[in-house]
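The values are calculated or read from the model by the stated rules, or taken from the named source; none is laboratory data. Quick caveat: nothing in here was measured; it's all calculated off a predicted structure. Positions of Cβ are backbone-derived with ideal geometry, glycine not excepted, and every protein chain shown enters the neighbour counts.
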Amino acid sequence: MAAFTPLNPAIRDTLGAGVTSVPLVSSGAFDATANAEFGVGVDINVVEAVIITTAVGVTPSTVFSIQGWDPASSTWETLISSAAVIATGTTSIQVNPGSASVTNVSAQRVVRQKMRFLATHGNAVSHTYSVSLHAG
């Protein structure tokens, strides 16, 4: 099984202070669950993950999520998850306290200073995808 590796292990300090877009995962074929933590500056109110799927196996099923760290319970809380991705195309999920919540698209939640992107593979069927983070 192949899980993604974040492009920049130090990404946790890159969103904010003028940096509004970063590549998180370069295009590759993945078939295992993986995650990548990132930090968000206090000047950031919106975080969006854009996943571009360019190839899929026979019966793929991957759910992409943005999670926030809860320091009181020392656990990750899922803020938004995509629908299961089963075909090629572009998937976007967003955490934005100023927008309406739309299932599998956007969450009207507060952006946390410690967050992570999670790809949960439902089976061992390969997906080829890349991920970018955008903030504002």
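Scanning the range 110-136 for residues that are in contact with a Phe, Trp or Tyr (Cβ under 8 Å, 6 or more places away or on another chain) and more than 16 Å from ALA36 (Cα to Cα) returns SER126, HIS127, THR128. Only residues that are part of a loop (DSSP other than H, G, I, E, B) and on the phi > 0 side of the Ramachandran plot were counted in the range 16-66, giving 2.
Within the range 31-41, does at least one residue satisfy the condition of being within 17 Å of GLN94 (Cα to Cα) and at pLDDT below 80? Scanning the range 31-41, I find at least one residue that is within 17 Å of GLN94 (Cα to Cα) and at pLDDT below 80, so the answer is yes. The residues of the range 75-98 that are in contact with a strand residue (DSSP E or B) (Cβ under 7 Å, 6 or more places away or on another chain), touching a residue at least 12 places away in the same chain (Cβ under 8 Å) and more than 20 Å from ALA55 (Cβ to Cβ), listed by number, are TRP76, THR78, LEU79, ILE80, SER81, ILE93, GLN94, VAL95, ASN96.
Quick check: is even one residue across the range 19-26 modelled with pLDDT of 90 or more, more than 13 Å from the chain's Cα centre (by Cα) and among the aliphatic types (A, V, I, L, M)? Looking through the range 19-26, none of the residues is modelled with pLDDT of 90 or more, more than 13 Å from the chain's Cα centre (by Cα) and among the aliphatic types (A, V, I, L, M). Taking ILE80, is it in contact with a Ser or Thr (Cβ under 8 Å, 6 or more places away or on another chain), aliphatic (A, V, I, L, M) and closer than 21 Å to GLY136 by Cβ? Spelling it out, ILE80 is indeed in contact with a Ser or Thr (Cβ under 8 Å, 6 or more places away or on another chain), aliphatic (A, V, I, L, M) and closer than 21 Å to GLY136 by Cβ. Among the residues in the range 102-109, are any within 21 Å of THR33 (Cβ to Cβ) and surrounded by fewer than 16 Cβ atoms within 10 Å (Cβ to Cβ)? Yes, the conditions are met somewhere in the range 102-109.
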